[in-house]
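Encoded as structure tokens, the structure appears first; notes follow it.
All of the numbers you see were taken from the coordinates with simple rules; none came from a lab. None of these values were measured; they are calculated from a predicted model. When we count neighbours, we look across all protein chains shown, and the Cβ atoms used for this are built from the backbone with ideal geometry, even at glycine.
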Amino acid sequence: MRIASQSSTNLSYRTRWSCVFRTVWMLILLAALGLALARFALLYFQAPATVSLLQADVGKAFWIGLRFDLKFLAILVGPFILLSLLFYKASATLWKGFYAFFLLYAFVLLVALNLLSVVNFYYLTFYQGPINALIFGFGEDDTSAIVQTMWQDFPVVSLLALIFIGSSVQWWLAKRWGQWRLNHPLEHSSAMGLTVIVIISVALLALLGRGSVGKFPLRSMHMTVSQDAFVNSMVPSGLHALDLARKERSSNNLGKDPNKALDLAGYATWQEAAQHCYAGVTPTTDDQSLLFQSSPARLAADTPAPHVVMALMESWGRQLMNYDDPQRNDVLGQLRPWIDGKADYFDNAISSENGTHPSLEAVLLDTPISPLTQSLYGYHSYDTSRIQPYKDAGYRTVFLTAGPGSWRQLNTVLLRQGFDEVLDETDILTRFPDASSHTWGLDDEWMFKYAAELLKQADEQGEKVMLFMLSVTNHPPYRIPAHYTPAPLDTTALGTDMATDPAMGLSILQTYQYANNSLGEFLNTLEQQQLLDHTLFAASGDHNGRTLFAYPDSTKLAYKFGVPILFYIPTAYKQNESPVDLHAWSSHQDIFPTLWAHSLPEQQLPRSSGRNLYSPPVQDAMAVSLSASDGGNGVAISEVGAISNLWHPHYLHWTEEGNLVPTNTPSAQLVAQGKRQLACLALSDWRIRHQAIASTQHTH
């Protein structure tokens with residue numbers, strides 16, 4: 001009887017272990033199916049017309065995506081098969097606790113996977129790419145404002161309910177499949193049979209976790225399956241994309257090797273990269289001449305030092321300007337005369353990054369590494385600062401934002417980068433107590449009113465001012481102040497290019513018009529105050545607008561990162577310059593070299609790969625964005641084509657219709673342009689990394 005009882009107990013052990021075993025494999029199957037459905041949703045709802053389910057690279061995206069999904073699931077769920085062996089002969093109480101924990105873990109995991117799939121879907125809609133390091137701004141920006149924006153712009157309750165119900169169904173099916181074994185105990189199974197099952201399962205899980213049977217495991221390099229950016233964006237699940245973003249974020253620890261980018265680009269020294277980047281410039285007496293240059297004495301002796309004003313406009317995308325119609329769809333308001341000829345509008349420009357803070361750092365510090373000032377490296381002053389030369393020349397340097405100065409610690413970190421003071425919504429409210437506000441700060445018009453008064457007072461006191469402004473209104477949740485009456489707007493003017501519903505589209509058009517109108521009012525005020533005859537002005541967008549247009553493939557790469565660049569250079573500050581090419585490809589990198597050339601004669605300046613846009617064009621000049629694309633950094637565009645991912649180039653050429661299409665036979669000129677820009681990118685990385693690493697070593 002004792003033998004029979006013991007045998008019965010052994011069978012019970014095997015049966016309950018089999019319950020976990022079956023549940024694990026069903027969880028992997030159902031979770032992988034859910035992730036595949038999420039991938040299909042991206043294809044169905046967001047794919048451009050040129051992408052179809054039947055094309056080969058789409059099938060490859062699903063296949064590689066599935067392999068990555070199984071890799072993560074094998075790592076996250078598979079170990080429970082081995083863990084359950086530790087409880088194989090545990091008491092009923094211990095087993096019950098382990099099994100309850102396993103089921104709870106499984107449910108939480110399914111909810112997380114499905115939640116991230118939904119987040120990734122809308123993230124791709126908004127940012128035109130899968131989840132990336134910008135997502136960490138949720139905790140670093142004004143989190144309550146982001147939550148409020150999400151609540152207003154997305155069906156949050158419905159989505160959460162869908163996630164909960166879908167996860168519950170997956171969990172119940174997996175649990176039910178596992179517990180089927182409880183009603184069909186392993187009465188005739190042998191210990192040897194179970195041992196074989198365990199060994200095969202562990203081997204299979206190890207293979208899935210490796211993702212490959214070849215020499216190398218499945219890695220990020222395998223994510224590029226197409227020359228189409230949208231198809232590549234289908235590969236990572238929400239979980240995978242978040243993991244990549246985490247790694248991208250952790251890479252902000254710059255380590256101890258300042259030559260990292262130089263090595264990857266194939267340069268033995270930074271001097272070698274500099275000579276390639278700066279078109280053969282060689283040092284005169286020492287290496288410093290490769291890093292700094294003296295500006296020419298361009299201004300006449302009796303020309304006073306000008307005020308210099310730069311406005312970085314929130315979400316100021318370039319494409320929407322193409323649909324301006326003063327009678328039917330007025331998106332420019334009082335800015336129109338300045339766009340139409342009173343100022344110089346460069347209509348082929350791109351932003352340095354695809355987020356506000358990264359672009360701000362790139363414009364002010366010429367850094368490809370971001371976030372820089374929000375880390376331990378933010379306590380150092382960088383010699384690439386675009387503002388410091390103005391401070392050295394005796395300017396009062398002011399940063400003004402319509403939002404809170406505490407956002408991303410701007411009110412402290414910018415004081416180390418050449419600014420004398422950081423003014424924000426609190427200062428504006430002190431002057432204008434009735435200023436209207438919204439989720440992210442005060443409405444733009446009040447920032448510009450404050451700026452106009454600041455410049456007028458400084459002018460009366462004989463101060464010369466370098467003023468940098470950051471607007472905030474043109475940002476979701478989109479709304480305009482109650483006192484503003486918008487000019488006529490019509491979403492149908494956008495035709496089939498509009499990628500959102502008419503109500504959302506109209507709200508975006510209204511805030512875009514309001515921001516433009518406020519900027520135009522500011523320029524009108526400076527003109528009326530007779531300040532513009534001795535004020536240099538520049539404006540650009542921090543990044544393209546969101547939601548209104550979709551850029552799922554490379555044909556609209558120039559619009560995906562497209563922003564306006566607007567300059568006003570008074571006649572007295574132009575010195576025998578050739579007619580400016582307003583259609584030349586330009587970028588954020590060109591803004592301060594242009595301002596410097598017209599305001600800082602005989603001044604020591606950091607050398608830059610950007611150029612003075614009023615000088616004769618350079619043959620291999622390109623517009624460069626540091627934004628991530630096709631798994632790497634660097635987008636470069638010129639009149640002969642474009643390059644997506646400077647580190648591992650994907651080349652594109654122009655069609656007669658003005659679209660960019662991939663090519664396997666790029667022109668020699670385009671290849672040469674890309675190599676030069678890679679040298680510049682590697683040099684910029686080295687210059688920032690070298691200073692950042694040295695600053696922490698000195699601190700320690």
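What to note about this one:
- Once the Cα-Cα distance is subtracted from the 0.36 nm per residue extended length, the Leu86 to Leu29 segment shows a gain of 18.1 nm.
- One quarter of the convex hull surface built on the alpha carbon atoms of segment 557-614 amounts to 4.7 nm², the projected area averaged over directions.
- Förster radius 22 Å - calculated FRET efficiency between Leu160 and Ala36 (Cβ-Cβ, nearest 0.05): 0.50
- Summarising the label geometry, the points placed 7 Å from Cα in the beta-carbon direction at Gln529 and Ala56 lie 6.3 nm from one another.
- Classified by the C-alpha gyration tensor, segment 27-129 has a prolate form. Its axis ratio a/c, with a ≥ b ≥ c, is 1.5 or above, and a/b is larger than b/c.
- Burial ordering of His653, His380, His648, fewest other beta-carbon atoms within 10 Å first: His648, His653, His380
- Taking other C-beta atoms within 10 Å as the exposure proxy, Phe45, Phe40, Phe62 rank Phe45, Phe40, Phe62 from fewest upward.
- Amide N of segment 32-48 lying under 16 Å from the label point, which is placed 7 angstrom from the Cα of Ser168 along Cα→Cβ: none
- Inter-site label distance for Phe126 and His648 at 7 Å from Cα along Cβ, in nm: 2.8 nm
- Cysteines of the chain lacking any other cysteine Cβ under 4.7 Å from their own Cβ: Cys19.
- Shape parameters for segment 471-586, alpha-carbon atoms, Rg then Dmax in Å: 17.2, 50
- Proximity of backbone amide H atoms, modeled 1.01 Å from N, is registered between Met469 and Met310, Ala311, Leu312, Leu400 at under 5 Å, excluding neighbours fewer than 5 places apart on the same chain.
- Local electrostatic count, Leu566, Cβ distance below 13 Å [Lys/Arg +1, Asp/Glu -1]: -1
- Note on segment 387-535: with charges restricted to the Cβ of Lys and Arg (+1) and Asp and Glu (-1), its dipole about the Cα centre is near 360 debye.
- Hydrodynamic radius of segment 361-418 per Kirkwood, over alpha carbon pairs, in Å: 11.9 Å
- Counting DSSP beta bridges with both ends in the chain, the antiparallel % (nearest 5): 55 percent
- Gyration tensor (alpha-carbon) shape descriptor, segment 322-367, a/c threshold 1.5: prolate
- Taking the Cα centre of segment 300-350 as origin and assigning +1 to Lys and Arg Cβ atoms and -1 to Asp and Glu Cβ atoms, the resulting dipole is close to 60 debye.
- Efficiency of FRET between Thr303 and Asp420 - r from beta-carbon atoms, R0 22 angstrom, step 0.05: 0.35
- Pairs of alpha carbons in segment 567-700 whose separation is greater than 25 Å (percent): 38 percent
- Using Cβ point charges alone (K and R +1, D and E -1), the dipole size of segment 544-637 about the Cα centre works out to roughly 200 debye.
- With the helix formula -39500 (n - 2.57) applied to DSSP H stretches of n ≥ 4, the chain reaches a computed 222 nm mean residue ellipticity of -15000 deg cm²/dmol.
- Computed from label points 7 Å out along Cα-Cβ, the spacing between Arg210 and Asp434 is 7.4 nm.
- Helical segments meeting 27 Å axial Cα length and Kyte-Doolittle 0.0 threshold in the chain (DSSP H): 2-46, 56-76, 92-127, 156-179, 191-210
- Theoretical FRET efficiency, 1/(1+(r/R0)^6), r = Cβ-Cβ of Met150 and Tyr484, R0 35 Å, to 0.05: 0.90
- Cross-link pairs beyond the 29 Å C-alpha cut-off, checked among Lys247/Lys560; Lys464/Lys675; Lys391/Lys449; Lys560/Lys675; Lys342/Lys456: Lys464/Lys675
- Residues Val235, Val281, sorted so that the one with the fewest Cβ neighbours within 10 Å comes first: Val281, Val235
- Fully extended contour minus Cα-Cα distance, from Asn253 to Ser615, at 0.36 nm per residue: 126.4 nm
- Charge dipole of the chain about the Cα centre (unit charges at C-beta), most positive-ward option of Ala32, Trp440, Ala538: Ala32
- Span from the segment 591-670 Cα centroid across to the segment 308-382 one, whole angstrom: 16 Å
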